[in-house]
Amino acid sequence: MKSKIVGVGHYVPDNVVTNADLEKMMDTSSDWIIERTGIQERRWVVPGQDTNSGMAIKASHMALERAGLSPSDIDFIVFATLSPEYFFPGPGVTLQHEMGMDTVGALDIRAQCSGFIYGLSVADQYIKSGMYKNILVVGSEVQNIVLDKTTRGRGTAVLFGDGAGAAVLQPSRDGQSGILSTHLHSQGEHRDLLCLKEPGATGERFINQGLEQSMDIYPIMDGPAVFKHAVTRFDEVIRESLEANGMQPSDIDLFVPHQANLRISQMVQRKLRLRDDQVFNNIQRYGNTTAATIPIALSELWEQVRLQPGKIISLAAFGSGFTWASALIRW
Ligand code: ACO
C-alpha cells in the first residue's frame with residue numbers, strides 16, 4: 001500500500017515586493033540580494049487582504065478541484081506553518097470550519113521549512129495504515145508581518161515571502177506509484193541559530209512591558225551557519241531516501257528543493273550532479289515561503305504538466321530547529 005498525491009494547488013498574494021522596493025526600506029541593493037540568494041521579488045500579504053488560513057483555503061480548493069474532490073471528501077487535515085494567526089489554536093481548525101468540512105481531525109505541524117514534508121510523512125502513514133482515505137496537507141505562511149524591515153533586519157527581511165500550497169493524498173490505485181519513503185530529522189542544539197523567540201510562553205511575555213522594544217520579536221538567523229548545515233543536510237537526506245529505495249542520484253527525474261536560497265539549491269544540485277532541467281526553482285519570484293515552498297512548486301509543476309506518471313520526484317527541506325527531511329515519490 002502506498003499513498004499518492006492526486007492534486008496540488010497554490011495561492012500567493014497579489015502584492016509584489018521587488019528588490020528595488022526593499023532598497024527604499026533599508027540599506028540593501030538588488031545586486032546583493034540576487035547574488036547571495038537569487039531572489040528578485042517576493043509576495044507580501046497586505047494586512048486586511050489575505051490571512052494565513054485564507055490563503056491556505058484558496059490553495060486547498062485548487063488542490064481539491066484538480067483531484068476531482070470536494071471539501072466533504074477530506075477526512076483529515078495536516079497544516080504546516082510557523083506563522084499562525086493565533087498563538088492557539090493553530091490554523092488547521094480555521095480551515096476545517098471555513099471550508100465547511102465535517103468535524104474531521106486537524107493537526108498543526110511546527111517544523112518550519114521542513115513542515116510540508118513532515119506533514120506528507122504523517123499523511124502517508126495514516127493512509128498506509130488504512131485509517132484515512134483523503135488527506136489534505138497544507139503549508140501556508142504570512143511572514144512579512146514579523147520581519148524587521150529596517151537595515152537592522154536586512155539579513156532576514158530580504159529572504160522571506162508569503163504564500164500557500166496544498167496537496168491531497170489518497171491510497172495509490174496501482175500500488176506502484178506514490179510516496180516511496182519519507183525521512184525526518186532534527187537537531188535542537190541549533191535551535192537558536194534560526195528562531196523567533198516571542199511571543200513565547202516563557203513568562204517573559206506576560207510580565208515584560210517593553211516587549212515591543214525587544215529584538216526577540218524579530219527572527220534571528222546566523223546566515224552562514226544555516227547555509228553550511230543546509231548544504232550538508234540536504235545532500236545527506238536526499239541520499240538517504242535514494243538508498244532506502246535502491247536508487248542513485250541519476251535516477252531522479254526532478255528534484256524539488258525547499259526554496260531556502262538559490263545558492264543552497266545550486267550547491268546541492270552540483271553535489272548530486274543533476275542538470276538544470278532536473279531541478280525546479282521558483283525562489284526568484286517568491287522568496288523563501290518556508291512551509292509553502294514545496295507545495296507551491298509542485299502546483300506550478302502540475303500547471304506545466306511536468307509531473308508525469310512514473311517520474312521519480314525528490315523533495316527535500318532544511319530549516320529552523322534545525323529540522324530536515326526528504327520524500328521520494330514515483331509520480
Ligand atoms: N543587503 C546588504 N548587505 C547585507 C544584507 C542585505 N540584505 N544582509 C547582510 N548584509 C551584509 C552583512 O551585514 C555583512 O556586512 P559586514 O561584512 O559589513 O558585516 C555582509 O553583508 C555579509 O554578511 P553575511 O551574513 O556573512 O553574508 P552571507 O554571504 O552569508 O549571505 C545570507 C547572507 C544570504 C543570509 C546567507 O548567509 C544565506 O543565505 N544563508 C542561508 C540562510 C537561509 O537560507 N535562510 C533561509 C531560512 S532557513 C532555510 O529555509 C534553510
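The values are calculated or read from the model by the stated rules, or taken from the named source; none is laboratory data. These numbers were taken from a predicted model, which means no experiment stands behind them. Counting neighbours? That spans all protein chains shown, and the Cβs are built from the backbone with ideal geometry, glycine included. Ligands, DNA and RNA are excluded from the accessible area calculation, which covers all protein heavy atoms including side chains. Shrake-Rupley method; radii C 1.70, N 1.55, O 1.52, S 1.80 Å.
Can you spot a residue in region 190-208 that is out of contact with any Cys (no Cβ under 9 Å at 6 or more places or on another chain), small (G, A, S) and either at pLDDT 95 or above or within 27 Å of K24 (Cβ to Cβ) (or both)?
no
Return the total of residues in region 93-122 being in contact (Cβ under 8 Å) with a residue 40 or more places away in the chain and over 23 Å from R233 (Cα atoms).
Selection size over region 93-122: 4.
So which pairs qualify, if the first residue must be in region 147-169 and farther than 19 Å from S320 by Cβ and free of Cβ contacts under 8 Å to residues at least 24 places away in the same chain, the second must be assigned to a helix (DSSP H, G or I) and near the ligand (Cβ under 10 Å from one of its atoms), the Cβ gap must be under 6 Å, and the two must be at least 6 apart or on different chains?
If the second residue must be assigned to a helix (DSSP H, G or I) and near the ligand (Cβ under 10 Å from one of its atoms), no pairs are left.
Identify, please: which residue in region 5-31 is open to solvent by 50 Å² or more (accessible area, probe 1.4 Å) and in contact (Cβ under 8 Å) with a residue 24 or more places away in the chain and is, among those, nearest to G165 (Cα to Cα)?
Looking at the filtered set, the residue picked out is D14.
Is it true that some residue in region 112-128 is outside any helix (DSSP H, G or I) and surrounded by fewer than 22 Cβ atoms within 10 Å (Cβ to Cβ)?
At the first step, the residues of region 112-128 found to be outside any helix (DSSP H, G or I) are none.
The answer is no; no qualifying residue exists.
For a quick check of your reading: which strands (runs of 3 or more DSSP E) sit entirely within region 1-101 and have at least 1 residues that are of a type in the set (K, R) and under 19 Å from the mean Cα position of the chain (by Cα)? Give the derivation first.
Working: elements: 3-11, 16-18, 41-43, 76-80.
Filter on region 1-101 gives 3-11, 41-43.
Under 17 Å from the mean Cα position of the chain (by Cα), farther than 30 Å from G153 by Cα, assigned to a helix (DSSP H, G or I) and within 16 Å of the ligand (Cβ to nearest atom): does that describe V237?
When the stated conditions are applied, V237 passes them.
Restricting attention to region 131-172, and to residues there that are over 30 Å from G48 (Cβ atoms) and open to solvent by 40 Å² or more (accessible area, probe 1.4 Å), which single residue is nearest to the ligand (Cβ to nearest atom)?
Once the filter is applied, the top-ranked residue is Y132.
Tell me which residues, restricted to region 93-111, are within 25 Å of D216 (Cβ to Cβ), of a type outside the set (D, E) and buried (at least 19 other Cβ atoms within 10 Å of the Cβ).
I109, A111
Search region 37-48 for residues being in contact with a strand residue (DSSP E or B) (Cβ under 8 Å, 6 or more places away or on another chain) and farther than 16 Å from Q266 by Cβ, and hand back the single one that is nearest to the ligand (Cβ to nearest atom).
Applying the filter and picking the extreme gives R42.
Which condition does I34 not pass, out of (1) within 16 Å of the ligand (Cβ to nearest atom); (2) surrounded by 16 or more Cβ atoms within 10 Å (Cβ to Cβ), if it passes all the others?
Status for I34: all satisfied but (2).
Would you check which residues across region 301-322 are open to solvent by 10 Å² or more (accessible area, probe 1.4 Å) and not aliphatic (A, V, I, L, M) and list them?
W302, E303, Q304, R306, Q308, P309, G310, K311, S320, G321
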